[in-house]
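Everything on this sheet refers to the single structure shown next.
The values are calculated or read from the model by the stated rules, or taken from the named source; none is laboratory data. Computed from a prediction, not measured in an experiment: that's the story for all the values here. Because the Cβ atoms are built from the backbone with ideal geometry, glycine has one as well, and the counts that use them run over all protein chains shown.
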Amino acid sequence: MATNTKPNDVRPAVATPSAPGWVLGMYLGGLALVYAGERVLSGLEKGAGAVSALGVLLVVLATLLRFSPRFRAGGDRRSIESLLAGLSGLGLLAVLLYFWTTPWGVDHLILGKLSDAARTRALDLITVTWVALIVIATLPMIFAETALLPMRNAERPESRRVRSAAAAGLTLALAAVYGSLLVYAASGVKLNVDFSYFKTSRPSESTKKLAQGLSDPVRVVAFFPLVSDVRTEVERYLNELKGSTPKLQIEVQDRLLAPKLAKELRATQDGVIILARGSTTQQIVVGTELDAAKQKLKVLDRDFQEQLTKLAKARLTAYLTVGHGELNESKTSAMEDPNARSATVVRTLLQRQNYTVKDLGLAQGLGRDVPDDADVVVILGPTEPFSNAELESLGRYLGRNGKLFMALDADAFSTKDLVTPEPAASAKPAGSAAPVDLNAVPTGPLADLAKLVGLTYGSDVLANERMHIRLRNDDSDRTRLITQSFSSHASVSTLNRAGSRAGVAFFGAGSLEKARGATERVDFTVRSPSGTFADKNRNYRLDKDGERQITFNLAAAVTGADKKKDDKAAKPDKKDDKKKDGKSNPDEMRAFVLADADAVGDFVMAQDPYNQLLFVDSIRWLVGEESVAGPPNTEEDKRIQHTKQQDLSWFYATIFGAPGLVLAVGLALGRRSRAKGARR
């Protein structure tokens, strides 16, 4: 019997099933159990091994299922399953390599027979290998399974999409392995790279001038090991300083190779610089390790200048007045409390200039006379009046060609005359301002101090609506002036040469003028910025009535009137025959007056190095050492401060300037492209 069959009849193909999705879960779960047994539960006496064994079993079963013939029939599906099976086998190999690095594997396999060094290298290599294989096997598998998920039951899954996903996972895995291996390898390289700013300070002009003025030779010996990065930096600094004067004898020695010299100079450790003049020595401790010595190297010139000053100059004496609420009487530093009035920085700067700092008040004899050993007297922001006896004592001291530094405080409560009654106010319309006599002579305790040196002091606080420092971000900041206006006087010559880079801060300054009939020679060395006005009613705004914008004098250098040598004060100067060594003592009265005591207070001095420079150079000028004026070189990070005007400039430049520039460039490029298209 013939069977009728149609030649074109084709039975539909039966789709070959893919490995179920839970196989991936079994594989990942097995890896998680191995991790838990070996890491999380490793501290338990029992159970950890069973968990690890279960994890290995799950990984093995998942891998065997991948190789099952049931899931490997057909073209595209077979290609997909072969890829997943290979990745699963790679993961199983990684697990086996891991167990090779366990204590059991080391003891029972080949690694136990190797030497300690060889075993360590082998374990490191195997560890890196199994970690890399785990990542390379697992990530592509997860990516491939994710791509296969929506077409797992399809008749013909797209193997190209699955392979592309696996390739993306492999790329990510290789990147992770590369990054990890790079970090691992870098940790074994003994190389330190410091990207922070570091530079050894160079000899400053003031240090070179100080060395050139030496009257006797000074021996400088640096004790550093032969192999030392710090030695190289110190030697570079000293060699540059060496050519400034033959009086400076510089050498670099290894302390262990020159024990006799080290004992002679009392060098008990490496990493020190010894300065010796006769039997007197000064020491600078730098250190021998570069990382620890960086901060010292940044201020090497400052420290060297300080120690050289102690050898080059005779020790001078500075008296700071007390008993009148001066800045230097405060026990609390402004670094601890910003509102505190203190002057610890002034005291430190004087000590660095080789001064012995002493107090001078009624208890120390200020009411009778200024001590004969006073090289300079410093008055810092008194808030209480000086007695008549004290004023007369200071006057006699100045008459003996004394040297006086004075900083007056316009914010002091004693600037207001509470004794003299005010004249009765005449009737005038409400809201009108009282007439101001601009030619009136200031009176009061601070005016009495200024009168000692032929000056008048205006206690109305100066303000400026544009050139000021922002601190509280309110109108009161307008009294915090910043000025760059200096004369050519020797006391501010360094600031004058610095130009726009130098800015001296005054927080609540008054003003100075030469007194009528004064015979002293006055040079106003620092002036207020343009737009400054005397804020008489303390509303921090320029009022049309009684207030005007002019230039005010903020500092004055005063010298005595010309006199013949035989026309001196009745009391002879007992200092004529002393301290000739290293000191220039000009035969004239000198005074330097600041219209603001806060300018030399700790809060301002700690943040503005130019205020420190103003104080130091003025002290040098007072005692006749202006030839060595100038700051030491330091490479410390400087605090960046902007005035309100600078802040506004930066604001508009970033908000409008930068976007406008980008827009302009875009328009120019677009116009150029359109022009090219039109020509085509």
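Observations, loosely collected:
- Considering Leu261, Leu257, Leu290, the condition of being touching a helix residue (DSSP H, G or I) at 6+ places or on another chain (Cβ under 7 Å), of a type in the set (A, V, I, L, M) and over 30 Å from Leu380 (Cβ atoms) is satisfied by Leu290 alone.
- Sub-9 Å Cβ pairs linking a first residue in segment 506-529 that is within 16 Å of Val461 (Cβ to Cβ) to a second residue that is of a type in the set (Ser, Thr, Tyr) and part of a loop (DSSP other than H, G, I, E, B), at least 6 apart or interchain, are Phe506/Ser528; Ala509/Ser528; Gly510/Ser459; Ser511/Ser459; Ser511/Ser528; Ser528/Thr551; Pro529/Thr551, ordered by first then second residue.
- One residue stands out among those in segment 355-377 that are in contact (Cβ under 8 Å) with a residue 40 or more places away in the chain and in contact with an Asp or Glu (Cβ under 8 Å, 6 or more places away or on another chain): the one that is surrounded by the fewest Cβ atoms within 10 Å (Cβ to Cβ), which is Tyr355.
- Scanning segment 252-264 for residues that are more than 14 Å from Leu226 (Cβ to Cβ) and buried (at least 19 other Cβ atoms within 10 Å of the Cβ) yields a single hit, Ala262.
- Lone qualifier among Gly399, Gly395, Gly444 - being surrounded by fewer than 21 Cβ atoms within 10 Å (Cβ to Cβ) and at pLDDT below 90: Gly444
- Filtering segment 536-558 to residues that are part of a loop (DSSP other than H, G, I, E, B) and closer than 29 Å to Ala490 by Cβ leaves Ile550, Thr551, Phe552.
- Within segment 336-359, the set of residues being at pLDDT below 90, closer than 18 Å to Gln282 by Cβ and within 23 Å of the chain's Cα centre (by Cα) comprises Arg352 only.
- Scanning segment 493-514 for residues that are among the aliphatic types (A, V, I, L, M) and surrounded by fewer than 18 Cβ atoms within 10 Å (Cβ to Cβ) gives a single hit, Ala498.
- Pick from segment 218-260, criterion more than 24 Å from Gln305 (Cβ to Cβ) and outside any loop (DSSP other than H, G, I, E, B), ranking: nearest to the chain's Cα centre (by Cα): Pro259
- Cβ separations smaller than 7 Å between residues 6+ apart or across chains give the following pairs from segment 81-104 residues that are touching a residue at least 60 places away in the same chain (Cβ under 8 Å) to residues that are among the charged types (D, E, K, R) and assigned to a loop (DSSP other than H, G, I, E, B): Glu81/Arg72.
- Residue identified as more than 26 Å from Thr494 (Cβ to Cβ) and modelled with pLDDT of 90 or more among Val252, Val227: Val252
- Any hit, segment 100-110, residues being of a type in the set (Phe, Trp, Tyr) and at pLDDT below 85: yes
- Candidates in segment 189-215 are the residues that are closer than 30 Å to Glu626 by Cβ and among the hydroxyl-bearing types (Ser, Thr, Tyr); of these, the one that is modelled with the lowest pLDDT is Thr200.
- Within segment 286-322, tally of residues that are out of contact with any Ser or Thr (no Cβ under 9 Å at 6 or more places or on another chain), more than 17 Å from Arg347 (Cα to Cα) and of a type outside the set (Val, Ile, Thr): 8
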